[in-house]
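What follows is a single structure, written as structure tokens, with notes after it.
The values are calculated or read from the model by the stated rules, or taken from the named source; none is laboratory data. Fair warning: this is a prediction, and the values are worked out from it, not measured in the lab. Reconstructed Cβ throughout: ideal geometry from the backbone, glycine too, with neighbour counts over all protein chains shown.
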Amino acid sequence: MKTGGIIYRYLTALFVLDVLLQFFLAGAGVFSAGPGTAARDSNALDPHRFNGSVVMLLAVALLIAALVARGGRWKWALALLVLTAAQPLLAIAGAAGGLHVLNAVVILGIGVMLAYRAWHGDRARPPQPGAAPAAQPAAAQAASNPGAGEQQ
């Protein structure tokens, strides 16, 4: 695997972990805002707000890494970046602010899918055309052709 693919692979894992941290920070902020205080007006959500910027930077880095790594990964990374960029707007959307949470779930889902494909999908890809087939071990050859080793 080339360097771009390796960077992309690790960025997907980091992105998912940071989005999970973002969920934790949101919950911690909402439940520690204090009685009678709207969570959005409290500084209890400041860590969540700051980490939202980190998530956005990771989404940009993920798109760049996907473009470098090639293979069509950029399409999902671009969708992830657009959804991530919409998060601050949804957070201040008033009654439609509930979409902020639903969008976050979609972001997490796409991030998990990209990470799964980056870590497991690359191993399942068929060999490149023109690549020499790997030599089959003797035990595997014997198992696939049981009568070949017997004498008559």
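Here are the numbers:
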{"read-out": "Matching residues in region 1-53 - criterion: being among the hydroxyl-bearing types (Ser, Thr, Tyr), surrounded by 13 or more Cβ atoms within 10 Å (Cβ to Cβ) and without any contact (Cβ under 8 Å) to a residue 12 or more places away in the chain", "value": "Tyr10"}
{"read-out": "Pairs where the first residue, in region 55-78, is closer than 18 Å to Trp119 by Cα and the second is exposed (fewer than 15 other Cβ atoms within 10 Å of the Cβ), C-beta under 7 Å, 6+ apart", "value": "Trp74/Leu67"}
{"read-out": "In region 76-101, the residues that are surrounded by fewer than 15 Cβ atoms within 10 Å (Cβ to Cβ) and at pLDDT below 95", "value": "Pro88, Leu89, Ile92, Ala93, Gly94, Ala95, Ala96, Gly97, Gly98, Val101"}
